[in-house]
Amino acid sequence: MTHPYIEHLLKDHKKQRKLEKKLIKAETREDKEKYRQKLYDALYPHIEGENASIFDFLVKKGDEAKAGALEAMQEHHVDRVLLDELMALDVDDEVFIAKAKVLREVNNHHLKEEEKEHFPRLESLASEEELDALFEAYESAEHEVEE
C-alpha cells in the first residue's frame with residue numbers, strides 16, 4: 001500500500017501536468033495569465049516541500065540516494081528559474097509559449113524520475129514513521145511558501 005505522502009506527491013504531479021497542458025493550449029490573454037498563476041501556485045510550493053522533505057532525507061542516506069537527490073534538487077532549481085522567467089514575461093511575448101513548453105519538458109522529465117526512482121527508493125529506505133514525519137515537513141515547507 002502506498003503511503004499517503006507518496007499519494008499526495010503523485011496527485012500534485014498530476015495537477016502540474018494538467019496545468020502545464022492547459023497553459024500551453026491557452027489562447028486568450030486571460031487564460032494564459034490564469035493558468036500561468038495556477039501553475040506557479042501548484043509548482044513552487046511543491047518544489048520547496050520536496051526539497052525540505054524527500055530530498056533532504058535522501059541526501060542524508062548517502063551513496064546513490066544522495067546522488068539522485070542532488071540531481072533532483074538541481075532540476076528543481078532549473079524549474080524555479082524557468083518558472084520565474086515565465087512569471088516575468090508578458091503573456092503576449094512571442095517567447096511565452098516556448099518558455100512554457102520548455103518548463104513542461106524539464107518538469108516532466110523530473111516528475112518521471114521522481115515517480116520511477118526517488119519515490120520507490122524513499123519507500124524502501126524510510127519507515128512509516130519517517131514517511132509521516134517527511135509528509136509533515138513537506139506540508140510545513142509548502143505552507144510557508146504559500147503564505
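Odds and ends about this structure:
- Screening the range 98-114 for residues that are surrounded by 16 or more Cβ atoms within 10 Å (Cβ to Cβ) and in contact (Cβ under 8 Å) with a residue 40 or more places away in the chain and picking the one that is nearest to S124 (Cα to Cα) gives E114.
- Counting only helices (runs of 4 or more DSSP H) that sit wholly inside the range 1-87, those with at least 3 residues that are within 19 Å of A98 (Cβ to Cβ), more than 12 Å from the chain's Cα centre (by Cα) and not hydroxyl-bearing (S, T, Y) are 4-25, 29-52.
- Unmet criterion (only one of (1) surrounded by fewer than 13 Cβ atoms within 10 Å (Cβ to Cβ); (2) in contact with a Gly (Cβ under 9 Å, 6 or more places away or on another chain); (3) of a type outside the set (K, R)) for G62: (2)
- Within this structure, E130 fails the test of being buried (at least 17 other Cβ atoms within 10 Å of the Cβ) and either among the aliphatic types (A, V, I, L, M) or not in a loop (DSSP other than H, G, I, E, B) (or both).
- Matching residues in the range 18-40 - criterion: being within 17 Å of R80 (Cα to Cα) and surrounded by 14 or more Cβ atoms within 10 Å (Cβ to Cβ): L19, E20, L23, Y35, R36, K38, L39, Y40
- Residue that is farthest from L86 (Cα to Cα), among those in the range 41-59 that are buried (at least 17 other Cβ atoms within 10 Å of the Cβ) and among the charged types (D, E, K, R): E50
- Failed condition for L9, given (1) crowded, with 20+ Cβ neighbours inside 10 Å; (2) touching a helix residue (DSSP H, G or I) at 6+ places or on another chain (Cβ under 6 Å); (3) closer than 17 Å to Y138 by Cβ: (2)
- Beta carbons closer than 8 Å, at least 6 apart along the sequence or on distinct chains, pair a first residue in the range 31-47 that is on the phi < 0 side of the Ramachandran plot with a second that is assigned to a helix (DSSP H, G or I) and modelled with pLDDT under 95 for D41/E146; Y44/V145; P45/A141; P45/E142; P45/H143; P45/V145; P45/E146; H46/E142.
- Count - residues of the range 81-97 that are of a type in the set (D, E, K, R) and either buried (at least 18 other Cβ atoms within 10 Å of the Cβ) or in contact (Cβ under 8 Å) with a residue 40 or more places away in the chain (or both): 1
The values are calculated or read from the model by the stated rules, or taken from the named source; none is laboratory data. Model, not experiment: these values are computed from the prediction. Glycine also receives a Cβ, built like all others from the backbone with ideal geometry; neighbour counts cover every protein chain displayed.
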